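Engineer: For reference, the structure I am asking about is given below.
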Amino acid sequence: MASEGPRPLVAGNWKMNGSVAMLKEPRLLAAMLKDVKLKADVMVCPPAILVRRVKSVLKGSKIKVGGQDCHWAASGAHTGDISAEMLKEAGCTAVIVGHSERRTNHGETDEIVNKKARAVQKAGLKAIICIGETLEERKSGKTLEVVTRQLKGSLPEGSTASDTVIAYEPVWAIGTGLTPTTAEVAEVHALIRKELSGLMGQDGAGVRILYGGSVKPSNAEELMSQPNVNGALVGGASLKAADFLGIIKVYA
Ligand SMILES: O=C(CO)COP(=O)(O)O
């Protein structure tokens, strides 16, 4: 049973994967979901260069398209970057910001993530803000402290339930096949909910809190049934329509 709360979101983060040949997967997914009544929103976040093509393949389906990152400025001298406005024009309704791979590989701090999230919200899109502890931080008992600090630092002032999604992704669970226990997931999600209520007031209850990190068809049901887990951010298992469907079906 999926847990109570805001309408869930299952989002697939393709990361730096995808090609024109791979467009058959979202096409297949749209066909498979055509007559399924879902209690969740579904989204795919391909590399920016594929957004328009994925959008066109998904035309007429319920599946939404999101970006994986953006610059905090709307335009300007930022070679190699793209803005939230550009992703919006290409058909995105959300943008992931602060993924741990961006934080680690591109030195993104909470302050940078906050600016990016604000730019996404200003463009009229949903910011999917990622937070999560490293293995070292978990082992030294710092998980709750780290998650609280990242949340407070990365969430723009004035965020609302309709323009904000939080994704809790323990860094050590990403792409490793490892997941926290259900009790550990529930503990962190409860903390995030409490902090959101403190920061946003009543709106905090309506923010979707996704779990991400080695979500697969075989563990999705158990993870998604934890209190305050309102969907998933899926990496590897979102690349094949059949696997992604196996996760989405938790909400069918
Ligand atoms: O980082 C993730 C999604 O953003 C999770 O990746 P995996 O599902 O491949 O572990």
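Engineer: Answer rounded, prolate or oblate for the stretch 125-248, using the Cα gyration tensor with square roots of eigenvalues a ≥ b ≥ c: rounded when a/c is under 1.5, else prolate when a/b is larger than b/c, else oblate. Write down the numbers at each step before the final one.
Structural biologist: Working: a/c = 1.84, a/b = 1.29, b/c = 1.43.
Cα axes put the stretch 125-248 in the oblate bin.
Engineer: How large is the charge dipole for the chain, taken about the Cα centre, if only the Cβ atoms of Lys, Arg (+1) and Asp, Glu (-1) carry charge, to the nearest 20 debye? Walk me through the intermediate numbers first.
Structural biologist: Details: 32 positive and 26 negative charges, 191 e Å.
Value, rounded to 20: 920 debye.
Engineer: Gap in Å between the Cα centre of the stretch 72-118 and the Cα centre of the stretch 149-192?
Structural biologist: 18
Engineer: Just rank Asp69, Asp35, Asp81, fewest to most, by other beta-carbon atoms within 10 angstrom.
Structural biologist: On the way: Asp69 23, Asp35 6, Asp81 15.
Lowest count first: Asp35, Asp81, Asp69.
Engineer: Along the charge dipole of the chain, which of Val165, Asn17, Gly198 sits closest to the positive end, that is, farthest toward it, with unit charges on the beta carbon of Lys, Arg, Asp and Glu (+1, +1, -1, -1)?
Structural biologist: Farthest towards the positive pole: Asn17.
Engineer: For an R0 of 25 angstrom, estimate the FRET efficiency from the Cβ-Cβ distance between Lys194 and Lys37 and round to the nearest 0.05.
Structural biologist: On the way: r = 33 Å, r/R0 = 1.31.
Working from the Cβ atoms, E equals 0.15.
Engineer: Helix by helix through the chain, keep the DSSP H runs that span 15 Å or more along the axis on Cα and average at least -0.5 on Kyte-Doolittle, and give those back in order.
Structural biologist: On the way: long enough: 110-122 (18 Å, -1.05); 143-154 (16 Å, -0.17); 182-200 (26 Å, 0.40).
Taking the DSSP H segments of the chain (at least 15 Å long, mean hydropathy at least -0.5), we get 143-154, 182-200.
Engineer: Report the calculated FRET efficiency for Arg149 and His78 (r = Cβ-Cβ distance, R0 = 35 Å), to the nearest 0.05.
Structural biologist: Details: r = 27 Å, r/R0 = 0.78.
The computed FRET efficiency comes out at 0.80.
Engineer: Would you mind ranking Glu4, Glu169, Glu222 so that the residue whose beta carbon has the fewest other beta carbons within 10 Å leads the list?
Structural biologist: Values: Glu4 8, Glu169 25, Glu222 14.
Neighbour counts put them in this order, fewest first: Glu4, Glu222, Glu169.
Engineer: Looking only at Ile174, Ile96, Ile209, which one moves most when the chain is put into a Gaussian network model with springs between Cα atoms under 10 Å?
Structural biologist: In this elastic network of the chain, the residue with the biggest mean-square fluctuation among Ile174, Ile96, Ile209 is Ile174.
Engineer: Right, next: DSSP loop GluC sites (Glu not before Pro) in the stretch 112-160 with at most 16 other Cβ atoms within 10 Å of their Cβ, which ones?
Structural biologist: Details: sites: Glu133, Glu136, Glu137, Glu145, Glu157; in loops: Glu133, Glu157.
Counting only loop positions with at most 16 other Cβ atoms within 10 Å, the GluC sites (Glu not before Pro) in the stretch 112-160 are Glu157.
Engineer: Just to be sure I understand: with springs between alpha-carbon atoms less than 10 Å apart, which residue in Ser159, Ser238, Ser197 has the highest mean-square fluctuation in the Gaussian network model of the chain?
Structural biologist: Highest fluctuation among the options: Ser197.
Engineer: Tell me, Met32, Met200, Met43 in order of fewest to most beta-carbon neighbours within 10 Å? Provide the component values of the computation, followed by the final result.
Structural biologist: Numbers: Met32 15, Met200 19, Met43 26.
Lowest count first: Met32, Met200, Met43.
Read-outs: derived from the displayed coordinates by stated rules, not from any lab. Keep in mind it's a predicted model, so treat the numbers as computed, not measured. Don't worry about glycine lacking a Cβ; one is built from the backbone with ideal geometry, like all the others, and counts go over all protein chains shown.
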